[in-house]
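The block underneath contains the structure these notes are about, expressed in structure tokens.
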Amino acid sequence: MMIQTKSRPYPVFLGDGIIDNVGEWLLSVCNNPSKILIITDQTVKDLYGGKLESVLKAFDLDVLTCVVPSGEQSKSFETYYKCLTFALENNLDRESVIIAFGGGVVGDLAGFVAATFMRGIPFIQVPTTLLAHDSAVGGKVAINHPLGKNMIGAFHQPHAIIYDTQFLKTLPLLEIRSGFAEVVKHGFINDRSFVENLMKTIHSLNHVTSEQLQWFIRKGIEVKAEIVAEDERETGKRAFLNFGHTLGHALEAELGYGKISHGDAVACGMLFALWLSEKIFRKDFQYKSIKNWFNEIGFPVKIDETIQTESLLERMKKDKKTVHSQIRFVLLEDIGNPVLKTFDTHTLYSFLNEWRTEGC
Ligand code: NAD
Ligand code: ZN
């Protein structure tokens, strides 16, 4: 599979047990690299670090590994600075290549290091989470500022994505479900029959086969890639990727980051967006059966009663995508056909309350 962007096309290698090919594929996209810097987190290093290093060393490549703490905390100035110091101390140069080996956190961090080290050097994404089917594609790389998530970043496309589904065997269920929410999102904004097939075949995330993983990761990447190809710099269509995220982000912030996974919050946001879409466009998307399916998968299907609708509205107003108190929502005219709609806070307040009392 190839990802087309205005900057450059790049390949995606997807398969089960393909880590053995990383050296060969890296050399096919990066000519004669001086050094390889693997940036990874502690968890992934402990599980798979040795394997990746030995695969690369077999190709006589000069390999170094920089390990950062696991989790969102590593998308910080401090960790970013440490990675740059590591790169300088070890004499990386413009001919060096960075490998982002981990989930979305490592992908965003290592990508930003690659984007800025000596004004930009190549990097390869080797994702190890399901959510990374989303984050590894599209070239958005960033770290967080204490005043806002992903506020310091760049657009820097990788030279390749090498996705081995073997890694997902050790990923905790909560993380699988979080990534699966984005797979479902890609379905809702692009392809009705894909959503129907998911609903027919996936009833639990406990026993997903490697064929199923490859099937929906491939689809998720294709949808994201199609949108990114048309809108690399997020001026138009890329906004559709926010389906479920307006309310999802508000929920995450209101509950406190880490109290609910990103995917669970987005799943809840998608349900509200579906309910609202049916109402606004007078359509029948079989909301009830979608909600039952979400429940079966383990997604939260309603918002905890302790959370005030007013507080959620306040959060949505503060969202960086909100302009003049008009809250922007991605709705569906049909499954696979997203549209942008803006609401004033009063209207949205009534809808949200109605959904919480009747729709949920
Ligand atoms: P993550 O990278 O923190 O990984 C989740 C947890 O799983 C971590 O503790 C990690 O150590 C562990 N882990 C990773 N691989 C594992 C494996 N194979 N087995 C066992 N444990 C493993 O989080 P994530 O959910 O992958 O990514 C979230 C980040 O992605 C957020 O910071 C978000 O902003 C970013 N993101 C970026 C984009 C983009 O376009 N750049 C898109 C979506 C999300
Ligand atoms: Zn998301």
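I need to check one value: relative contact order of the chain, counting alpha carbon pairs closer than 8 Å and at least 6 residues apart, in percent.
14 percent
Only Lys, Arg, Asp and Glu count, each charged at its Cβ (+1, +1, -1, -1), so figure out the dipole size of the stretch 230-360 about its Cα centre, rounded to 20 debye.
That gives a dipole near 200 debye.
Only Cα pairs within less than 10 Å get springs; with that Gaussian network setup on the chain, which residue of F101, F243, F13 has the largest fluctuation?
F13
Quick one: grab the alpha carbon gyration tensor of the stretch 1-98, order the square roots of its eigenvalues as a ≥ b ≥ c, and give me rounded if a/c is under 1.5, else prolate or oblate depending on whether a/b is larger than b/c.
rounded
Rounded, prolate or oblate: pick one for the stretch 2-170, where a ≥ b ≥ c are the square roots of the eigenvalues of its C-alpha gyration tensor, a/c under 1.5 means rounded, and failing that, prolate if a/b is larger than b/c, else oblate.
Note, shape of the stretch 2-170 comes out rounded.
Give a quick list of trypsin sites (Lys or Arg not before Pro) in the stretch 277-360 that DSSP marks as loop, anything other than H, G, I, E or B, with at most 10 other Cβ atoms within 10 Å.
Counting only loop positions with at most 10 other Cβ atoms within 10 Å, the trypsin sites (Lys or Arg not before Pro) in the stretch 277-360 are R282, K320.
Using the Cα gyration tensor of the stretch 233-291, with a ≥ b ≥ c the square roots of its eigenvalues, what is the shape: rounded (a/c below 1.5), prolate (a/b larger than b/c) or oblate (neither)?
oblate
Projected onto the charge dipole of the stretch 2-170 (+1 at Lys/Arg Cβ, -1 at Asp/Glu Cβ, origin at the Cα centre), which of V29, M118, I39 gives the Cα projection farthest towards the positive end?
M118
Treating only the Cβ atoms of Lys and Arg (+1) and Asp and Glu (-1) as charged, compute the dipole magnitude of the chain about its Cα centre; round to the nearest 20 debye.
In total the dipole reaches around 640 debye.
List the pair-distance distribution P(r) of the chain, using every Cα-Cα distance, as the percent of pairs falling in each 10 Å bin from 0 up to the bin containing the longest distance, rounded to whole percents.
Computed distribution, short to long bins: 5, 25, 33, 24, 10, 3, 0.
So what is the relative contact order of the stretch 2-170, in percent, for Cα pairs below 8 Å that sit 6 or more residues apart?
27 percent
What percent do you get for the relative contact order of the stretch 135-208 when only Cα pairs under 8 Å and 6+ apart count?
Relative contact order, the stretch 135-208: 19 percent.
Excluding same-chain residues fewer than 8 positions from K237, which aspartates and glutamates have a Cα within less than 20 Å of its Cα?
Partners within reach: D134, E182, D191, E222, E226, D319, E333, D334.
None of the figures in this text is laboratory data; all of them are computed from the coordinates on show. Since we're looking at a predicted model, the values are computed, not measured. Note that each Cβ is placed from the backbone with ideal geometry, even for glycine, and that neighbours are counted across all protein chains shown.
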